[in-house]
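Here is the structure we will look at, set down as structure tokens.
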Amino acid sequence: MTTRSHLDTNAMEWVPAGEILADYHVETDSPDTGVFLKVLRRPQDGGDCWHWLIRFAPPVGRGIRIAAVAESDEEIFFLRDESPEGRAGVYACNEAGLRHGVTVTGEAVALVHYHAAPDRILRAEVVEVQGAAS
């Protein structure tokens with residue numbers, strides 16, 4: 001039977017990403033900084049795919065660096081990006097097997113769709129940002 005999913009993401013809480021995928025844990029000094037998820041769809045919901053909103057909230061004057069390998073095709077669309085890179089409105093597709101990464105230096109939110117398994121995280125860390133104001 002075909003079903004329709006409907007979620008009000010405004011009513012959902014951000015969950016530390018490490019609680020969903022252990023390798024996404026980022027060590028910070030504040031519970032308000034790090035990487036957070038709102039899971040919209042999991043394989044057990046049907047379709048064998050993942051959809052989530054991801055929020056990067058780096059500590060002031062620092063960045064969050066993620067290095068990963070795409071375990072399946074990954075599509076990402078940045079909804080908001082307060083970093084100087086200004087990725088809001090940017091769409092990217094990482095094909096299965098591609099090693100890729102990002103460093104986010106300001107709060108950013110993106111919609112992510114994995115066609116099957118999520119990325120294999122190689123590294124998730126807070127890094128110093130050269131020339132950043134504290």
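May I ask you to verify whether V35 is of a type in the set (V, I, T) and exposed (fewer than 15 other Cβ atoms within 10 Å of the Cβ)?
No.
So which of E13, E71 ends up being in a loop (DSSP other than H, G, I, E, B) and over 23 Å from H115 (Cβ atoms)?
Of E13, E71, the one residue that is in a loop (DSSP other than H, G, I, E, B) and over 23 Å from H115 (Cβ atoms) is E13.
Confirm whether A124 is open to solvent by less than 40 Å² (accessible area, probe 1.4 Å), in contact with a helix residue (DSSP H, G or I) (Cβ under 7 Å, 6 or more places away or on another chain) and either under 18 Å from R55 (Cα atoms) or assigned to a strand (DSSP E or B) (or both).
Taking the combined requirement at face value, the residue satisfies it.
Here's the yes/no breakdown for (1) touching a Leu at 6+ places or on another chain (Cβ under 6 Å); (2) open to solvent by less than 80 Å² (accessible area, probe 1.4 Å):
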residue	(1), (2)
W14	no, yes
G18	no, yes
W52	yes, yes
P58	no, yes
E85	no, no
R99	no, no
T103	no, yes
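A67 - would you say it is in contact with a Gly (Cβ under 7 Å, 6 or more places away or on another chain) and surrounded by fewer than 18 Cβ atoms within 10 Å (Cβ to Cβ)?
yes
The values are calculated or read from the model by the stated rules, or taken from the named source; none is laboratory data. Keep in mind that this is a model prediction, so the values were computed, not measured. Cβ: placed from backbone, ideal geometry, glycine included. Neighbour counts: every protein chain shown. Note: areas computed on protein heavy atoms with side chains; ligands, DNA, RNA excluded. Shrake-Rupley method; radii C 1.70, N 1.55, O 1.52, S 1.80 Å.
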